[in-house]
1. Roughly what % of DSSP beta bridges within the protein assembly as shown run antiparallel, to the nearest 5?
2. If I fit a long axis through the Cα atoms of helix A:261-272 and take the longest principal axis of the Cα atoms of chain A, what angle between them do I get, 0 to 90°, rounded to 10?
3. Starting from the Cα gyration tensor of the stretch B:212-294, take the square roots of the eigenvalues, sort them a ≥ b ≥ c, and report rounded, prolate or oblate (rounded when a/c is under 1.5, otherwise prolate if a/b is larger than b/c, else oblate).
4. Return the calculated 222 nm mean residue ellipticity for chain A, to the nearest 500 deg cm²/dmol, obtained by summing -39500 (n - 2.57) across DSSP H runs with n ≥ 4 and dividing by the residue count.
5. From other protein chains only, count the Cβ atoms within 10 Å of every residue's Cβ in A:289-300, then give the mean.
6. Between the stretch A:110-175 and the stretch A:202-268, what is the C-alpha centre distance in whole Å?
7. Any idea which of B:213, B:25, B:236 is furthest toward the positive side of the dipole for the stretch B:3-301, if Lys and Arg beta-carbons carry +1 and Asp and Glu beta-carbons -1?
8. Return the tail of the calculated pair distribution for the stretch B:2-161, meaning the percent of Cα-Cα pairs more than 19 Å apart.
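Bear in mind that the values in this text are calculations on the coordinates, not laboratory data. Nothing here was measured: the structure is a model prediction, and the numbers come from that model. Backbone-built Cβ (ideal geometry, glycine too); neighbour counts: all protein chains shown.
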Amino acid sequence: MKDFEIFGNKDTRSGFGEGLAELGRKNDNVVALCADLTGSLKMDTFQKENPDKFFQVGIAEANMMGLAAGMTIGGKIPYTGTFANFSTGRVYDQIRQSIAYSQKNVKICASHAGLTLGEDGATHQILEDIGMMRMLPNMTVIVPADFNQTKQATIAIADHVGPVYLRFGRPVMPIFIKPDTPFIIGKADVLLEGSDVTIIACGHLVWKSIEAARILSEKGISVDLINMHTIKPLDEEAILKSVAKTGCVVTAEEHMKNGGLGEAVAQVLVQNLLVPQEFVAVNDSFGESGTPMELMTKYGIDTANIVDASLKAIARKN
Amino acid sequence: MHLGDKVQFIERIKLIIKVSFASISEVNKIQMEIEKLKHIASQVRRDIVRMVAAVNSGHPGGSLGCADFLTLLYFDILKHDPENFTMDGKDEDLFFLSNGHISPVWYSVLSRSGYFPVSDLATFRKLSSKLQGHPSTDKKLPGIRMASGSLGQGLSVGIGAAQAKKLNNDHSYVFTLHGDGELQEGQIWEAAMYAAAQKVDNIIAVIDFNGRQIDGDVDDVLSLGDLEGKWKAFGWMVLKMDGHNFLDMKNTITKAQSLCGEGKPVVIIMKTEMGMGVDYMMGTHKWHGSAPNTEQLELALNQLEETLGDY
């Protein structure tokens, strides 16, 4: 298997912070709103450089979503920042009516998504957000894989007219996507070309999938690895092209099995090309306190689970 | 007497003096303008009851109660361009209806002021119509900038739009309208706290204070308590007006506009009568969300003069 060049280790939320800061310097219409989590979301640089375009809303997320929707009237491009839980579940109706249904150009930027938020526990570890957001008409859903990609995605969504849900996280993870790689919404990255099994992953699970592919390659199994950074609109062509070659698929995500990437991929397969699919995702369960890596192991979304799922998918081919 | 009452009292005295010294022709002019607005409002009320009766659904009570206010707003107050509607509304005053269920009155006033053909009112709540049960933007009805219906969201939206205006050096106003029952939603108070803290002083929120909601009187369902005191405590300037007195409304809104730019948001508590103009719909919450049948419609139309021609 080819070696991936590693460009350091960072959290994806810092990629968001850097991307937002860059937007602040080059796009006069970009404004940012934050619900008392400026440091956690790494929005400090934007705030410092653009005090007039940064709006601290306090701990009032419903109001933040409404304010952002209103600011689009007059041409602003608002980026809202809070944890994924408070960016979605807490404000679902505000997003539904004032943003998605009203087709407002709001960028909902959600940090600390999934189990890797860690010690804060299940109250904060949302695992349903991708499902909620991809169910909304007009919504684009993006889950970038590493620091560099999160930065580029943050910048790219400013040029996309329409509501976007951008999901990222807290843990420090390897950076394996080249800096300044342009981010194209809806166009999946093929990271590895192989013939035995397709692995489709998003977010932190892309790195875990690279690790799994390495282990599989030592067993003589070649992996076609797709970084599905855009969950909606889904790159169906990339899925079908890969699966036609490999004949089986594993989806991997830091999300509930219900409603997530795996379910989106399954829809495409059922309607086009029936092949065995295995899901690496949290199975109808809340999380708990623990370190991010402990939690990924306990809840079955670690490297070993991707390896096992791949072997199972391959075995089911015949 | 509260400070707000005192201010209003002084304003009224000033107005009386002003009117006293005005020439007879000016007084006549004001009277003529009010008569014209009353004329329009009568037609708007006919539109409302006909629209809801035609589809046997919709919300006539609050719509009738706000007919005078919205007629005044759209035909006299707003700086706007009905024939050339743009989403951004640059250098125009913006209006957001937060209590979206009173869409019939808004649709009527929008069409009568030139946003879209009056004949479109016949499509209200029908399949594929731009005039959805609750206002929406997805079918591109001119005049609508935000969907509403799920209550409590419009104040945040209005404040956001007001802040965007400030960033754009656009000195026009943002108006929002809310039901009094709607104030039970928590988001309203998140927004109220924010606007005062951030000194958003180019927004005028209007409360349709009719004292009724679906389940009964607001006082019985969930009392708002000292509403004026609540807004003051949240840092807003509070005015009051009679939602069926055009002169009072005109003066109060003018006053509200003059208070803008002083670092505080302004709210107007507007006393109205739900069902105003149709006798059997007044004095009850029964007509909040039910439509009149054929006989009841006839009865209502007999009380409302057809002034501009039915759609």
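1. Bridges in the protein assembly as shown that DSSP calls antiparallel: roughly 15 percent.
2. Helix A:261-272 sits roughly 60 degrees off the main axis of chain A.
3. On the way: a/c = 3.39, a/b = 1.63, b/c = 2.08.
Oblate shape, in that a/c is at least 1.5 and b/c is the bigger or equal ratio.
4. Details: 11 runs with 110 residues, N = 318.
Calculated mean residue ellipticity at 222 nm is -10000 deg cm²/dmol.
5. Details: counts 0, 0, 0, 0, 0, 0, 0, 0, 0, 0, 0, 0.
Shielding by partners across A:289-300 averages 0.
6. Cα centres, the stretch A:110-175 to the stretch A:202-268: 17 Å.
7. The Cα lying farthest towards the positive end belongs to B:25.
8. Working: 7701 of 12720 pairs.
Tail of P(r) above 19 Å: 61 percent of Cα pairs.
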